[in-house]
Amino acid sequence: MPDNMIKGEIMAREQKLNEIVEKRTPAPSLTLFKLYVPDIARKVQAGQFVVLRADDYAERIPLTVMEYDREAGLISVIFQAVGSSTRKMEKYDVGQTILDVVGPLGKPSHIEKFGTVVCVGGGVGVAPVLPIAKALHEAGNRVISIIGAKSKEMLILEDEMKAVSAQLYITTNDGSYGHHGFVTDILKELIEKGEKIDEVIGIGPVIMMSAVTDVTRPYNIRTIVSLNTIMVDGTGMCGCCRATIAGETKFVCVDGPEFDGHQVDFKELIDRQKMYNREERRALWDHQCKLEFQAQQLKKKTKRRERMPEQDPKKRIQNFNEVALGYTRENAIREASRCLQCKKMPCVKGCPVNIAIPSFIKQMADGDFMGAIHTIKDTNALPAICGRVCPQETQCEAKCVLGKKGEPVAIGRLERFAADYEAHHGDIRVPEAAKPTGKKVAVVGAGPSGLTVAGELSKKGHDVTVFESLHKAGGVLVYGIPEFRLPKAIVQREVDYVSKLGAKIKVDVIVGQTVTIDELFAQGFEAIFVGTGAGLPYFLNIPGENLNGVYSANEFLTRSNLMKAYLFPDYDTPVRMGKKVAVIGGGNVAMDAARVAKRLGADKVYLVYRRSRAEMPARAEEAHHAEEEEIDFQLLTNPVRVVGDEHGWVTGLEVVKQQLGEPDASGRRKPMDIPGSNAIIDVDVVIVAIGQGPNPVLTQSGPGLELRKPGYIVADPETGKTSRKGVFAGGDIVTGAATVILAMGAGRKAAAAMDEYLKTGQW
């Protein structure tokens, strides 16, 4: 991209400090970054340098500033990937940020009108020579430049140097371009021809700068070199950059980096440059070993996936901390390396939001975790959530080819790792929003489908407002799913990301009560998305169901999660917890309720389910965790009555044993009572977790929305269009209770249709 276009783009949008706004590869193993560092760009001068640190594990790398644009706040640097830190840094891409950029450091070059100045640059040293040559040219000097490289493909900045030079000479060690030889050959030839030279600037490898001074010394030509010593802090604090100049010790970072080359003790400098050769070789060896290991893993596809570290069951039932601890870097790379990179990509077909799964997994196998999360976020704004709670085993992972003869790639776990890696490094990239369209959109409900719509339409430039009835955005993610399965800080992080995309979120607004759909249209909203979910609990309608001590799972979990009753009395909302608890149901919600009850102090928790383990709708992982936590599965058992005392409190649950017959409408075998098998389970709390339906607050508040029993909105499955013009719907309010990712998939489809409607007005 031309510099003027880059500058215009930078000035048109808000930049992140230390952001890479342009990346080029001028030669093999060389990388050019344009960095947004306005404070540095404002003050830097020719000859000065900056110190970069890629991440918390990287070295501090000193790099001379090649170019700067004070108005746009940009500087350019070039570096060669020679060590582990620079090899890490070269993988960074546009939009990412360098953790630390410090400067400007060192003294600027002394620029005045000398007359004829020869600027000599070798290899990557051409980059720091360029701004000096430019400054000398602008000061009225006749600049003769000599630049060299090992070969033609390694030569950099030829055109840029030609633009500021009266004459430009090029040398290559192998003779593939220009003069066959070294830069010193041309310099010596110029001197011997009688060229009057007032000053020589030499920058490049230490051995090259030493050779340049050897050429000029007999002729007493002032020769300036820029020393590239080993540095740590770069501010004069550590003294590691010391060099002997005219018999005195100087600190290159503050006294230099430029010195009279005839006064430099180059032998000492060369020896000091070797100080960490052994350690650098080890670091590179370790790095190469990792690469080779990854390559081996790619060739050797193991049948077993990487195990996920978890809290010990006996310890975790005493806290609400996350059970699954997540992959390490090594776990993630090994697991990603199992992927076969199938050309037909069946896993993508199994993903409701069509994440480019093989692409992000390939990036993870290569150690490019930031690239992986950016790939995921192209289609999924809530990866940390989806990586934790989506049923990958029945969706993307179910399509994985490896699953035919072993275990499928752990796609969800890799997605989770990528999202957590991004958050840990604080480098959360927000894509640039499109130009504002002036179109207003209302989103009803800040659950998975609503947040997805809000994020997608915000990226397209629409003015989006999300209306949430509760005091926290997130829907079922905050009130339904427990902290130990989905930490609320992670939910808030994902909600904040949607806000950063441009969406406004208003809580404590009940659409249907506080404001109606008609009133939203009257306020100027041109399209409305309804994603209110299915939050009306079902009950069994058995005797005793209204006794004290009987909860719906919705109430029990809302008290515990949203209102933080598990921290009572620090938080004011209580939840009554008995010593013996029965949870009725076999889905994820039932598992959540049972495991919360255990953590709240119940001595015994029964899970009462009328079918067998094979028919249980809960995720296998959640059922496994519940069993590890000693939840007592009472299978093929159906409740028929809640038993109470004379004061109206639960004392037991009457059940009858079941046997399975032919499949019913759900495809599962129908349970039937076994006569004479009734029994009473001794419990003091009963939690009903048998599903939920649509809340009628919105659907009954205004005309025009076609409904199907028992109150779900009728909407086109591909577009989300309802019977009312301008109103779209998706998620559980349309399909009934389903998964987070299916709701998000519906949100993506609806967002695309809404964007088209807002552009064309066609229904």
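The numbers here are math on the coordinates, done by the rules we state, and not lab data. Values in this document were obtained by computation on a predicted structure and should not be read as measured data. Note that we place each Cβ from the backbone using ideal geometry, even for glycine, and neighbour counts take in every protein chain shown.
Laid out as a table, the results:
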item	result
The range 514-528 - phi-based ³J(HN,Hα) in whole Hz, Karplus 6.51/-1.76/1.60, Gly and Pro as x	4, 8, 9, 4, 4, 5, 5, 4, 5, 7, x, 6, 9, 8, 10
Low-density loop cleavage sites - trypsin sites (Lys or Arg not before Pro) in the range 184-261, where at most 11 other Cβ are within 10 Å (DSSP)	K193, K196
Exceeding the 31 Å Cα-Cα cut-off - candidates K377/K399; K16/K88; K16/K721	K16/K721
Theoretical ellipticity at 222 nm over the chain - DSSP helices of four or more residues, -39500 (n - 2.57) apiece, nearest 500	-9000 deg cm²/dmol
Degrees between helix 411-424 axis and first principal axis of the chain (Cα, 0 to 90, nearest 10)	60
From phi via Karplus (6.51, -1.76, 1.60), per-residue ³J(HN,Hα) for the range 41-56 in Hz, x at Gly/Pro	4, 5, 10, 5, 10, 3, x, 8, 10, 10, 10, 10, 10, 5, 8, 5
Positive minus negative residues near T719 (Lys, Arg vs Asp, Glu; Cβ under 9 Å)	-1
21 Å Cα-Cα threshold exceeded, pairs from K439/K460; K23/K343; K43/K134; K113/K162	K23/K343
Longest exposed-site-free window of the chain, the sites being GluC sites (Glu not before Pro) in a DSSP loop that have at most 13 other C-beta atoms within 10 Å	196-431
The range 318-386: trypsin sites (Lys or Arg not before Pro) in DSSP loop, at most 12 other beta carbons within 10 Å	K343, K344
Charge context of G544, other residues only, Cβ under 14 angstrom, K/R +1, D/E -1	-4
Loop-resident sites, the range 536-569, for chymotrypsin sites (Phe, Trp or Tyr not before Pro), counting at most 14 other Cβ within 10 Å (DSSP)	F539
Cα gyration tensor shape of the range 539-690, rounded if a/c is under 1.5, else prolate or oblate by comparing a/b with b/c	oblate
For the range 406-429 versus the range 617-650, the gap between their alpha-carbon centres in whole angstrom	33
Nearest 10 degrees, 0 to 90: helix 206-216 Cα axis against the chain principal axis	20
For the range 664-672, 3J(HN,Hα) per residue [Karplus equation, 6.51 cos²θ - 1.76 cosθ + 1.60, θ = phi - 60°, Hz, x = Gly/Pro]	9, 4, 7, x, 9, 5, 6, x, 9
The range 446-552 shape via C-alpha gyration tensor axes, a/c threshold 1.5	oblate
Partners for K598 among lysines (Cα-Cα distance below 19 Å; same-chain residues under 8 apart left out)	K314, K315, K564, K579, K580
